[in-house]
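Please treat every number below as a calculation from the coordinates, not as lab data. Just so you know, these numbers come straight off a predicted model, no measurement behind them. Every residue, glycine among them, receives a Cβ derived from its backbone with ideal geometry; neighbour counts consider all protein chains shown.
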Amino acid sequence: MSTILEIQNVNKRFGGLQALDDVNLKVEEGHVHAIIGPNGAGKSTLLNCLVGRLVPDTGAVTFGGKSLIGAKPHEINQMGVSRVFQTPEIFEDLDVLQNVMIPALASRDGAFKLNFWKGVSAEAEIRDLALHTLEDVGMADKRHMEAKAMSRGDKRRL
């Protein structure tokens, strides 16, 4: 398998605090990794550098061979890199399937058009891709459930 995400010698300082110190990581496509550590260890800072909320002082971050450094958060998201916050942000009155379809349908200007999944051209295709995504995370059986009726853990997975 090939490397999908690579972090090389990433450093980030906040004044006198060294939050990240020469962080290196390679994630192979199809593998799952966890970043763990105590409060203040730099986990959120690293994730914020990955998704464009922060820019590392030095180092490189690439996804699919493309640099994420300097890209805007919405551009990084459209490349397929995002983060999950502790408090789920979902559309409570929509069902699970509709929640998964939203990123493919919504553009930054509020119009409904395709700009997230390249090559997908119709709502039926978006629905199929969303169903496959739900199958991948073990939630296909909940696709018709209203999001507000889900457990906290399932809301986080959603």
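Any chance you could run the full-extension gain for residue 125 through residue 156? It's 0.36 nm times the residue separation minus the Cα-Cα distance, nm to one decimal. The span from residue 125 to residue 156 would gain 8.7 nm if fully extended. Ordering of 89-101, 135-147 by packing is 89-101, 135-147, highest average first (other Cβ atoms within 10 Å, averaged per residue).
Cα-Cα over 22 Å: which of 12/155; 26/155; 12/72; 12/43; 43/148? Over 22 Å Cα-Cα: 12/155; 26/155; 43/148. What the phi angles of the range 66-72 give under the Karplus curve with 6.51, -1.76 and 1.60, with θ = phi - 60°, is a coupling list of 10, 5, 9, 5, x, 6, 6 Hz, glycine and proline written as x. For the chain, adding -39500 (n - 2.57) for each run of n ≥ 4 DSSP H residues and dividing by the number of residues yields -8000 deg cm²/dmol at 222 nm. Expressed in Å, the radius of gyration and Dmax of the Cα atoms of the range 39-91 are 11.7, 37. Each residue of the range 25-31 was assigned a 3J(HN,Hα) from its phi angle through the Karplus expression (A = 6.51, B = -1.76, C = 1.60, θ = phi - 60°), giving 7, 10, 10, 7, 4, x, 9 Hz with x at Gly and Pro.
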